[in-house]
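Participant: Would you mind keeping the following structure in view while I ask a few things?
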Amino acid sequence: MKFIIPQNYVFKNKLLGFMDYSTAIFNIIWAVIVFILINIFPFSLNFKIGSFIILYFPLLLFSFFGFNNENILYVFSYVFKFIKNSNVYFYGKD
């Protein structure tokens, strides 16, 4: 059986078939940063677990399901450029 792959097809390596490697590395780095920040303060274990879930889980969900399989680093760069370059123009009535 022969498979014909078009020449303009872009093949991306993905971790377990659904997440880019750069997104997975970014998620791991973010989890480590959040874990270190939470463990600096002497709070109870329940508070630490809850705050870790609140700070890490939304990014993990966006990595899995959001943004139409776009790399999460590209999405953050697009959002940052939009915020940086957004201009609000007020036109007065004459």
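The values are calculated or read from the model by the stated rules, or taken from the named source; none is laboratory data. Everything numeric here is computed off the predicted structure, so don't read it as measured data. Counting neighbours? That spans all protein chains shown, and the Cβs are built from the backbone with ideal geometry, glycine included. Accessible surface areas use protein heavy atoms only, side chains included; no ligands, DNA or RNA. Shrake-Rupley method; radii C 1.70, N 1.55, O 1.52, S 1.80 Å.
Participant: Roll a 1.4 Å probe over the protein chains and send me the accessible area per residue for the chain in Å². Could you put the intermediate results ahead of the total?
Facilitator: Working: 8640 Å² over 94 residues.
I get 92 Å² per residue for the chain.
Participant: May I pose another question? Where the accessible area of the chain is counted over protein heavy atoms with a 1.4 Å probe, how much of it, in %, is carbon and sulfur?
Facilitator: Carbon and sulfur: 70 percent of the exposed surface of the chain.
Participant: In terms of the ratio Rg/(2.2 N^0.38 Å) built on C-alpha atoms, what value belongs to the chain? Walk me through the numbers before you get to the answer.
Facilitator: Working: Rg = 20.1 Å, N = 94, 2.2 N^0.38 = 12.4 Å.
In units of the 2.2 N^0.38 Å rule of thumb, it is 1.62.
Participant: If we count trypsin sites (Lys or Arg not before Pro) as exposed when they sit in a DSSP loop and have at most 15 other beta carbons within 10 Å, what is the longest stretch of the chain that avoids them all? Spell out each step's value before the answer.
Facilitator: On the way: sites that count: Lys2, Lys12, Lys93.
Longest gap between qualifying sites, sites excluded: 13-92.
Participant: Let me ask something else. Dividing the convex hull volume of the Cα atoms of segment 15-60 by its residue count, what figure in Å³ per residue is obtained? Don't jump to the answer; show the numbers that get you there.
Facilitator: Details: hull volume 3.0 nm³, N = 46.
Per residue, the Cα convex hull of segment 15-60 comes to 64 Å³.
Participant: As an exercise, identify the chymotrypsin sites (Phe, Trp or Tyr not before Pro) in segment 19-88 lying in DSSP coil whose Cβ has no more than 15 other Cβ atoms within 10 Å.
Facilitator: On the way: sites: Tyr21, Phe26, Trp30, Phe35, Phe43, Phe47, Phe52, Tyr56, Phe62, Phe64, Phe65, Phe67, Tyr74, Phe76, Tyr78, Phe80, Phe82; in loops: Phe43.
Passing sites in segment 19-88 are Phe43.
Participant: Additional query: State the answer as a single residue: which of Ile40, Phe67, Ile53 lies farthest towards the positive end of the charge dipole of the chain, with beta carbon charges of +1 for Lys and Arg and -1 for Asp and Glu, about the Cα centre.
Facilitator: The Cα lying farthest towards the positive end belongs to Phe67.
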